[in-house]
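K.L.:
Let me begin by handing over the structure; questions about it come next.
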Amino acid sequence: MPQPNAVKCLVVDDEPRLRRVLVRLLEGEGFSCSEAGSGTEALEMLQHDPVPLVISDLRMPQMDGVTLLREIIARWPTTAVIVVTAVAEVESAVACLQLGALDYVAKPFHLDEVRARVMQALDKRSLKMEVEDYRRTLEHRVQEQARRIEELSLERLQALVHFLEEKDPYTSGHSVRVADYSARIGRQMGLSQAVMDAVALGAELHDIGKIGVSEAVLHKAGKLTEAEYRHIMEHPVIGARILAPLMRDVPTALAIVRSHHERLDGKGFPDGLKGDQIPVEVRVVGVADSFDAMTSVRPYRPALSVQKALQELEDGKGSQFHPPAVEAFLAAFPDPSALPVTTPEVRPLHLPPPLDAHRRSSPPD
């Protein structure tokens with residue numbers, strides 16, 4: 001009589017007498033057995049109650065044992081399958097082993113042989129599952145280690161951004177303020193937390209490409225020449241190139257770095273993107289970046305007043321700026337006296353989990 005915690009087994013054979021022989025043998029060894037008269041019936045039973053062991057005859061109408069084996073391997077890969085074969089069908093049984101069966105039993109049955117083959121198959125199944133668990137654990141550890149290495153690189157890049165800004169009193173704190181403005185705009189627009197994590201990352205690193213721009217041009221007090229302006233506007237491409245190996249799983253952040261100087265009317269840099277070609281997350285950071293730049297002192301001009309900067313955002317709606325992002329900015333700061341924001345404390349950046357493009361929830365334009 002099988003025990004309550006006995007291993008479950010499904011015996012599949014179109015001959016009831018042979019099924020009962022196997023069932024009696026297995027139940028005598030403590031297994032809990034169920035029976036199926038065809039491969040089709042077996043699949044229906046497995047669909048409702050998967051079992052760790054299936055013993056199936058090779059020759060059956062409707063669905064033969066080979067087809068059943070293929071289905072089980074595909075749908076329940078942890079189920080051990082033993083095929084039952086006549087002596088003349090040994091070659092077919094060997095073929096089943098190559099397909100994934102763990103063993104075969106030849107007719108007529110011998111109790112000791114059945115017991116040995118079943119226990120051996122279950123041992124193989126257990127070992128196979130242990131190996132698979134180890135592989136998954138190892139892959140997880142490798143992924144965790146790779147992510148930690150990436151985050152250490154990210155911390156160094158973040159430190160580099162703030163070092164570059166601290167060297168220049170005109171841009172000190174710019175990146176963390178842009179990230180702060182972007183977060184407030186994003187919340188008003190209803191962006192998901194997953195999207196906002198990527199926005200925060202891209203916003204704080206958006207100017208990292210300025211490491212490749214001449215300091216003489218960056219700090220020039222007078223008006224820039226056309227060539228100097230174009231030289232400065234190379235920094236989005238440089239930044240995207242620097243960050244591409246690190247942000248391959250965070251394309252939103254990488255798009256912000258490359259495209260934060262694009263305009264809705266297509267007159268921006270570096271790619272002349274227009275309208276919907278510019279991701280909404282980039283448009284959010286574009287508003288934040290422009291407002292902070294306008295209200296900060298620069299070598300070539302004094303800071304604009306808050307009222308003047310807000311008017312510039314209003315005037316640029318639909319041409320330079322995304323109207324919903326401008327409206328969200330104004331809604332986030334109903335009291336202009338709260339502007340510009342105090343520079344937030346710098347916090348360590350982290351790589352967000354990769355965004356599933358099918359679940360990304362950017363609001364409509």
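The values are calculated or read from the model by the stated rules, or taken from the named source; none is laboratory data. Note that this is a predicted model, so its numbers are computed, not measured. Virtual Cβ from ideal backbone geometry, glycine too; neighbours counted across all protein chains shown. All accessible areas refer to the heavy atoms of the entire protein, side chains included, with ligands and DNA or RNA removed. Shrake-Rupley method; radii C 1.70, N 1.55, O 1.52, S 1.80 Å.
K.L.:
If we scan segment 229-244, do we find a residue that is touching a helix residue (DSSP H, G or I) at 6+ places or on another chain (Cβ under 8 Å), charged (D, E, K, R), open to solvent by 50 Å² or more (accessible area, probe 1.4 Å) and at pLDDT 95 or above? Reasoning before the result, please.
P.N.:
Residues of segment 229-244 that are touching a helix residue (DSSP H, G or I) at 6+ places or on another chain (Cβ under 8 Å), as a first pass: 231-232, 234-244.
Now restrict to residues that are charged (D, E, K, R): 234, 241.
Now narrow it down to the ones that are open to solvent by 50 Å² or more (accessible area, probe 1.4 Å): 234, 241.
If we keep only those that are at pLDDT 95 or above as well, we get none.
No.
K.L.:
Here is a further query. Any idea which residue in segment 253-272 is nearest to residue 233 (Cα to Cα), counting only those that are among the hydrophobic types (A, V, I, L, M, F, W, C) and either open to solvent by 40 Å² or more (accessible area, probe 1.4 Å) or out of contact with any Ser or Thr (no Cβ under 8 Å at 6 or more places or on another chain) (or both)?
P.N.:
Initial filter on segment 253-272 (among the hydrophobic types (A, V, I, L, M, F, W, C)): 253-257, 264, 269.
If we keep only those that are either open to solvent by 40 Å² or more (accessible area, probe 1.4 Å) or out of contact with any Ser or Thr (no Cβ under 8 Å at 6 or more places or on another chain) (or both) as well, we get 253-257, 269.
Numbers: 253: 18, 254: 16, 255: 15, 256: 14, 257: 12, 269: 7 Å.
Checked segment 253-272; the qualifying residue nearest to residue 233 (Cα to Cα) is 269.
K.L.:
Next question, about the same structure. Among the residues of segment 306-345 satisfying the criterion of being open to solvent by 70 Å² or more (accessible area, probe 1.4 Å) and in a loop (DSSP other than H, G, I, E, B), which is nearest to residue 143 (Cα to Cα)?
P.N.:
That would be 345.
K.L.:
A further question follows. What are the residues in segment 196-214 that are surrounded by 17 or more Cβ atoms within 10 Å (Cβ to Cβ) and in a helix (DSSP H, G or I), if any? Step through it out loud before you land on a result.
P.N.:
From segment 196-214, those surrounded by 17 or more Cβ atoms within 10 Å (Cβ to Cβ) are 196-210, 213; that's our starting set.
Answer for segment 196-214, where residues must be surrounded by 17 or more Cβ atoms within 10 Å (Cβ to Cβ) and in a helix (DSSP H, G or I): 196, 197, 198, 199, 200, 201, 202, 203, 204, 208, 209, 210.
K.L.:
While we're on this one: Please work out which one of (1) surrounded by 16 or more Cβ atoms within 10 Å (Cβ to Cβ); (2) closer than 25 Å to residue 303 by Cβ; (3) of a type outside the set (Phe, Trp, Tyr) is the condition residue 217 fails and give its number.
P.N.:
The number of the failed condition is (1).
K.L.:
Between 10, 25, which is in a helix (DSSP H, G or I), in contact (Cβ under 8 Å) with a residue 40 or more places away in the chain and surrounded by 18 or more Cβ atoms within 10 Å (Cβ to Cβ)? Can you show your working first?
P.N.:
Values: 10 fails: in a helix (DSSP H, G or I).
On inspection, the qualifying residue turns out to be 25.
K.L.:
Also: Being touching a Pro at 6+ places or on another chain (Cβ under 8 Å) and either part of a helix (DSSP H, G or I) or buried (at least 20 other Cβ atoms within 10 Å of the Cβ) (or both) is the filter here; which residues of segment 76-115 pass it?
P.N.:
80 - this is the single residue of segment 76-115 that is touching a Pro at 6+ places or on another chain (Cβ under 8 Å) and either part of a helix (DSSP H, G or I) or buried (at least 20 other Cβ atoms within 10 Å of the Cβ) (or both).
K.L.:
For residue 64, all conditions in the list (1) touching a Leu at 6+ places or on another chain (Cβ under 9 Å); (2) open to solvent by 70 Å² or more (accessible area, probe 1.4 Å); (3) over 17 Å from residue 118 (Cα atoms); (4) of a type outside the set (Phe, Trp, Tyr) hold save one; what is the number of the exception?
P.N.:
Residue 64 satisfies all of (1) touching a Leu at 6+ places or on another chain (Cβ under 9 Å); (2) open to solvent by 70 Å² or more (accessible area, probe 1.4 Å); (3) over 17 Å from residue 118 (Cα atoms); (4) of a type outside the set (Phe, Trp, Tyr) except (2).
K.L.:
For segment 41-60, give me the residue count where each residue is among the acidic types (Asp, Glu) and in contact with a helix residue (DSSP H, G or I) (Cβ under 7 Å, 6 or more places away or on another chain).
P.N.:
As a first pass, look at segment 41-60 and keep what is among the acidic types (Asp, Glu): 41, 44, 49, 57.
Subset that is in contact with a helix residue (DSSP H, G or I) (Cβ under 7 Å, 6 or more places away or on another chain): 57.
Matching residues across segment 41-60 total 1.
K.L.:
Over 17 Å from residue 80 (Cβ atoms), open to solvent by 10 Å² or more (accessible area, probe 1.4 Å) and small (Gly, Ala, Ser): does that describe residue 30?
P.N.:
On the way: over 17 Å from residue 80 (Cβ atoms): no; open to solvent by 10 Å² or more (accessible area, probe 1.4 Å): yes; small (Gly, Ala, Ser): yes.
Criteria not met by residue 30.
K.L.:
When the residues of segment 49-61 are narrowed to those that are in a loop (DSSP other than H, G, I, E, B) and in contact with a Cys (Cβ under 9 Å, 6 or more places away or on another chain), which ends up surrounded by the fewest Cβ atoms within 10 Å (Cβ to Cβ)?
P.N.:
Step one: filter segment 49-61 for residues in a loop (DSSP other than H, G, I, E, B), giving 49-52, 58-61.
With the extra rule that they be in contact with a Cys (Cβ under 9 Å, 6 or more places away or on another chain), the set shrinks to 51-52, 58.
Values: 51: 19, 52: 17, 58: 21.
Only one residue fits best here, namely 52.
K.L.:
Given the structure, is residue 56 touching a strand residue (DSSP E or B) at 6+ places or on another chain (Cβ under 8 Å), more than 19 Å from residue 113 (Cβ to Cβ) and among the polar types (S, T, N, Q)?
P.N.:
Values: touching a strand residue (DSSP E or B) at 6+ places or on another chain (Cβ under 8 Å): yes; more than 19 Å from residue 113 (Cβ to Cβ): no; among the polar types (S, T, N, Q): yes.
Answer is no for this residue.
K.L.:
Go through (1) hydroxyl-bearing (Ser, Thr, Tyr); (2) surrounded by 12 or more Cβ atoms within 10 Å (Cβ to Cβ); (3) over 19 Å from residue 7 (Cβ atoms) one by one and return the number of the condition residue 134 breaks.
P.N.:
Unmet for residue 134, out of (1) hydroxyl-bearing (Ser, Thr, Tyr); (2) surrounded by 12 or more Cβ atoms within 10 Å (Cβ to Cβ); (3) over 19 Å from residue 7 (Cβ atoms): (2).
K.L.:
Exactly one of these conditions fails for residue 73: (1) open to solvent by 10 Å² or more (accessible area, probe 1.4 Å); (2) part of a strand (DSSP E or B); (3) touching a Ser or Thr at 6+ places or on another chain (Cβ under 9 Å). Give me its number.
P.N.:
The failed condition is (2).
K.L.:
Report, ordered by the first and then the second residue, all pairs with beta carbons closer than 9 Å, sequence separation of six or more or different chains, a first member in segment 336-360 that is modelled with pLDDT of 90 or more, and a second member that is part of a loop (DSSP other than H, G, I, E, B) and aliphatic (A, V, I, L, M).
P.N.:
340/303
K.L.:
Could you tell me whether residue 293 is aliphatic (A, V, I, L, M), within 25 Å of residue 171 (Cα to Cα) and either open to solvent by less than 50 Å² (accessible area, probe 1.4 Å) or at pLDDT below 95 (or both)?
P.N.:
Details: aliphatic (A, V, I, L, M): yes; within 25 Å of residue 171 (Cα to Cα): yes; either open to solvent by less than 50 Å² (accessible area, probe 1.4 Å) or at pLDDT below 95 (or both): yes.
Spelling it out, residue 293 is indeed aliphatic (A, V, I, L, M), within 25 Å of residue 171 (Cα to Cα) and either open to solvent by less than 50 Å² (accessible area, probe 1.4 Å) or at pLDDT below 95 (or both).
K.L.:
Follow-up question, since we're still on this one. When you scan segment 230-237, do you find a residue that is under 25 Å from the mean Cα position of the chain (by Cα) and more than 18 Å from residue 289 (Cβ to Cβ), even just one?
P.N.:
No, segment 230-237 has no match at all.
K.L.:
List every residue pair whose Cβ atoms sit under 8 Å apart, with the two residues 6 or more apart in sequence or on different chains, where the first one lies in segment 295-323 and is free of Cβ contacts under 8 Å to residues at least 40 places away in the same chain and the second, anywhere, is of a type in the set (D, E, K, R).
P.N.:
Short answer, once both residue conditions are applied: 304/312; 323/317.
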